[in-house]
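Notes follow the structure.
The values are calculated or read from the model by the stated rules, or taken from the named source; none is laboratory data. Note that the structure is predicted; figures quoted are calculated from it, not measured. Because the Cβ atoms are built from the backbone with ideal geometry, glycine has one as well, and the counts that use them run over all protein chains shown. Please note that ligands, DNA and RNA were not included when accessible areas were found on the heavy atoms of the full protein model with its side chains. Shrake-Rupley method; radii C 1.70, N 1.55, O 1.52, S 1.80 Å.
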Amino acid sequence: AVVAFATRVRPPLVRATGEVAQWCAAQLELGELEASRTALAQAELRALRAQISPHFIYNSLGAIASFISTDPERARDLVLDFADFTRYSFRGRGDFTTLADELHSIHSYVELERARFGDRLTVTLQIAPESLSTVIPFLSVQPLVENAVRHGLEPREAGGTIVISARDEGTQTEITVEDDGVGMSPERLRALLASGSRATNVGLRNVDTRVRQLYGDQHALEIETNEGAGTLVRMRVPKSQPQHETEVSRP
């Protein structure tokens with residue numbers, strides 16, 4: 001409630017009081033909207049963590065077990081990769097990270113997948129050094145790589161190659177994940193990105209939803225794909241994010 005006191009109530013005072021009340025109400029509504037957006041973004045992040053848990057952990061432990069007797073040193077390295085990956089993925093601090101930290105986690109993920117794929121999986125990095133400090137949403141690039149492995153290369157008997165690139169583009173950093181896997185039809189792509197879709201590529205849809213919420217629809221994922229032609233996913237994030245940089249730098 002906004003209350004104004006005066007010896008005589010005049011029309012200008014009534015108008016001014018009404019305008020102040022409307023401004024306060026608008027600020028309250030904006031605060032509630034921002035809280036709803038934050039809650040939704042956190043829910044999407046929890047969904048990504050839940051997706052990683054059953055599928056990837058089961059396969060990783062199976063791969064580690066297969067090396068225990070035949071190559072104990074390799075098994076030990078894979079256990080360390082598994083520990084690094086899960087520690088990063090399930091950390092409780094912050095919704096943002098740097099591209100460098102996310103790439104470190106992706107390295108652990110790729111090593112664990114190579115234990116299953118062997119020579120069928122090749123990953124190439126093309127990262128401009130100046131882009132490593134870019135602040136990105138936590139778990140935004142890793143799900144794109146996992147999607148490329150699971151839905152692009154795994155269905156192919158010969159496996160394939162994933163190229164992860166990052167470069168400065170004016171006021172933004174452009175990050176791409178490209179594979180030469182099975183691809184998908186435009187119709188299937190539209191279906192999996194649709195709200196409420198039950199498609200298995202939930203990581204791709206969740207990342208797209210989160211970057212739209214954070215940066216606006218102009219930063220939606222750009223996806224180029226077709227059946228048998230592989231898939232390229234492009235994400236652009238602003239290089240300057242002072243409020244998120246503060247969150248990343250917190251201990």
Condition test on Thr200, is it modelled with pLDDT of 90 or more and farther than 19 Å from Arg120 by Cα?
no
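Scan segment 3-14 and give yes if some residue there is in a loop (DSSP other than H, G, I, E, B), of a type in the set (Lys, Arg), more than 26 Å from His151 (Cβ to Cβ) and modelled with pLDDT of 75 or more, otherwise no. Talk me through it step by step, then tell me what you get.
First pass over segment 3-14, keeping only residues in a loop (DSSP other than H, G, I, E, B): 3-10.
Adding the requirement that they be of a type in the set (Lys, Arg) leaves 8, 10.
Within this subset, residues satisfying the condition of being more than 26 Å from His151 (Cβ to Cβ) are 8, 10.
From the residues that got through so far, the ones that are modelled with pLDDT of 75 or more too are 8, 10.
Yes, there is a match, as at least one residue in segment 3-14 is in a loop (DSSP other than H, G, I, E, B), of a type in the set (Lys, Arg), more than 26 Å from His151 (Cβ to Cβ) and modelled with pLDDT of 75 or more.
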Of the residues in segment 137-184, those that are of a type in the set (Gly, Ala, Ser), under 12 Å from Leu121 (Cα atoms) and open to solvent by 50 Å² or more (accessible area, probe 1.4 Å) come to Ala158
Expected single match for open to solvent by 20 Å² or more (accessible area, probe 1.4 Å), closer than 26 Å to Glu227 by Cβ and part of a helix (DSSP H, G or I) among Asp101, Asp119, Asp81, Asp77 is Asp119
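Hand me the list of strands (runs of 3 or more DSSP E) wholly inside segment 126-227 holding 2 or more residues that are among the hydrophobic types (A, V, I, L, M, F, W, C).
Correct list: 135-137, 160-169, 172-179.
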Check your understanding: Within segment 212-233, is even one residue at pLDDT 85 or above, buried (at least 17 other Cβ atoms within 10 Å of the Cβ), within 21 Å of Leu103 (Cα to Cα) and of a type outside the set (A, V, I, L, M, F, W, C)?
Key -> yes
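Quick grid of which residues meet (1) β-branched (Val, Ile, Thr); (2) farther than 18 Å from Leu232 by Cα; (3) modelled with pLDDT under 95:
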position	(1), (2), (3)
Ile127	yes, no, no
Pro155	no, no, yes
Thr161	yes, no, no
Ala166	no, no, no
Glu169	no, no, yes
Thr176	yes, no, no
